[in-house]
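These notes are about the structure you will find just below.
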Amino acid sequence: MDPSSSSTRPPYEPRGLRDAQADFAARFPDFDPDGTFDALRSTEYGRLDDEDQVYLDYTGGGLYADGQLRAHFDLLRRRVLGNPHSNNPTSLAMTELVEGARRSVLEFFDADEHVCIFTPNASGALKLVGESYPFAAGGRFALTADNHNSVNGIREFARRAGAEVTYVPVTAPELRLDRVALGATLAMADPDADNLFAFPAQSNYSGVQHPLAVIDEAHDAGWDVLVDAAAFAPTNRLDLREVPADFVTLSFYKMFGYPTGLGCLIARRDALARLQRPWFAGGTITIASVQGDGHYLHDDEAGFEDGTVDYLNIPGVEIGLRHLQRLGIDRIHERVRCLTAWLLDALGGLRHANGAPVVQLFGPAGTDARGGTITLLMRDPDGRPIDDRRVEELANRVGISLRTGCFCNPGAGEVAHGLTEADMRGWFGRDRPVSFLELRSEMLASMDLLVSAVRVSVGLATNVTDVFRLMCFVQGFVDRTVDDIGRVEFVSDNCRIVRDTA
């Protein structure tokens, strides 16, 4: 978005917290109509207020409820549980819990034609698909330009196997799919070869939610479909009976905070049967022989779970899913939508005295087909970008957790900042590796272009006070120049408005 022509919203006018809460409640009556989430904030996420923390990094990781910990630790205290790869009593008890968690995942996503494969995280699930998909000459790997690097990395498996790699562009300013280019790409599938199309259900950079109807379009054109649901699943309903993707990847800590170190690949049984694992490990085979020089892989999820799964943490997955089910994923979605709408309006309406916008948004300025991830740059009255690292440093001082950088999504960032293929090609094929910080510094010096950004994201435990405090913080940049912010020990007094009495 051109920072000189941003929003036509009325200017943001900061008022007291109580007024803001009253206005918010009037505008969004479905935000928390019965007070469930307000009570939850106190009983299950009270540590946020105890430590005076404003947590706005839900796309990086969710927060766990106290009740999840109590339920999990109580289970571990009561039971004697062993490695599930055996038939002794403790192993069988653990196997029952692992399989129960597996069923819970499939039920949560209404995936009756799929299997659940536990992995260390979404990246591990994506690597399973990448290394095992039968890429070959004549086949294709197509992916949207705004994928996470863990999806981008699959292109290396495809290229080594001789498959063609094609990126489907996203277009500024909203960073949505170029539907014409998508149609042309899907039409390229060779019906006699294996073709894989990958896209994020929700971009971790812009919050854009790509239409899940693309799954059926790709199937009809002869593609298998991989959906990265890591940013989507925490606050949106994903019904795999309605949108039967072949492969879905996610991390559970992004959904409900605990446990970390666990994700999954949800795969259609018929699609899983087409994968060809390049190696085997303990637990993945029915039999292997040294002298016989052979092995047979399990033909179900066990053929893809390398070694011993994180069995003592896996029961925490079922506990976390029950927590989301009790709250209701649709209610969580509505809560996040309301908070995002308020923030987008407030950020878009903030102006310097000369009328220039304080904030440049990357991605949709409204809540249609977008999630609770907002990526932005702050600009001074002359339109110069304010260093995102300085923004983060100042936010840290007032207890606000946000994220800066490129968020492992280079494609979306390149389009957002207007970078071209010519701008980027020169950085590769050099005689030594370069870092993102080097690229960032050189482009700032040579092009006056800041290629990183600030990302804030809301989740189920976010409340109105959190977003109000963020806006108090952002308001502190009004009429401050880049030089002011760089040299002054700057913290806006407004950031201290936590429990307003005015």
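Derivation of every value follows stated rules applied to the coordinates shown; laboratory data play no part. As the structure is a computational prediction, the values presented were derived from the model and not from experiment. No Cβ is skipped: glycine too gets one built from the backbone with ideal geometry, and neighbour counts run over all protein chains shown.
Each pair of Cα atoms in the range 118-171 enters the Kirkwood radius, and Stokes-Einstein at 20 °C and 1.002 mPa s then converts it into a translational diffusion coefficient of 186 µm²/s. Looking at the chain, the pairs of alpha carbons with a distance over 35 Å make up 38% of the total.
Only one residue of 117, 187, 157 has its Cα farthest out toward the positive end of the dipole of the chain, where Lys and Arg carry +1 and Asp and Glu -1 on Cβ, and that residue is 117.
Starting from 0.36 nm per residue, how many nanometres of slack lie between residue 178 and residue 80 once their C-alpha separation is accounted for?
Gain on extension, residue 178 to residue 80, equals 29.9 nm.
What FRET efficiency do you get for residue 422 and residue 188 if R0 is 22 Å and r is their Cβ-Cβ distance, rounded to the nearest 0.05? Once the sixth-power term is evaluated, E becomes 0.35.
Diagonalising the gyration tensor over the Cα atoms of the range 202-302 and scaling each eigenvalue by 5 before taking the square root yields semi-axes of 31, 19, 10 Å, largest first. Summary of the geometry: the range 77-105 and the range 391-422, compared by the centres of their Cα atoms, lie 42 Å apart. Helix 436-447 versus the longest principal axis of the chain: what is the Cα-based angle in degrees, 0 to 90, to the nearest 10? With both axes taken from Cα atoms, the answer is about 40 degrees. Length, then width, then depth: along the principal axes, the Cα atoms of the range 353-430 run 42, 31, 30 Å.
Taking the Cα centre of the chain as reference, the dipole from Cβ charges on Lys and Arg (+1) and Asp and Glu (-1) amounts to some 760 debye.
Seen from a random direction on average, the alpha-carbon convex hull of the range 410-474 projects onto 6.5 square nanometres. Only helices enter the 222 nm calculation for the chain: every DSSP H run of n ≥ 4 contributes -39,500 (n - 2.57), and dividing by all residues gives -10500 deg cm²/dmol, rounded to 500. Divide the volume of the convex hull around the Cα atoms of the range 273-376 by the residue count and you get 200 Å³ per residue. For the range 114-307, the percent of C-alpha pairs falling in each 10 Å distance bin, counted from 0 to the bin holding the largest distance, reads 9, 36, 37, 14, 3, 0, 0. Which of rounded, prolate or oblate describes the range 144-251 when judged by the alpha-carbon gyration tensor and an a/c cut-off of 1.5? Here the range 144-251 falls in the rounded category. Taken along its principal axes, the alpha carbon cloud of the range 57-146 reaches lengths of 55, 39, 22 Å, longest axis first.
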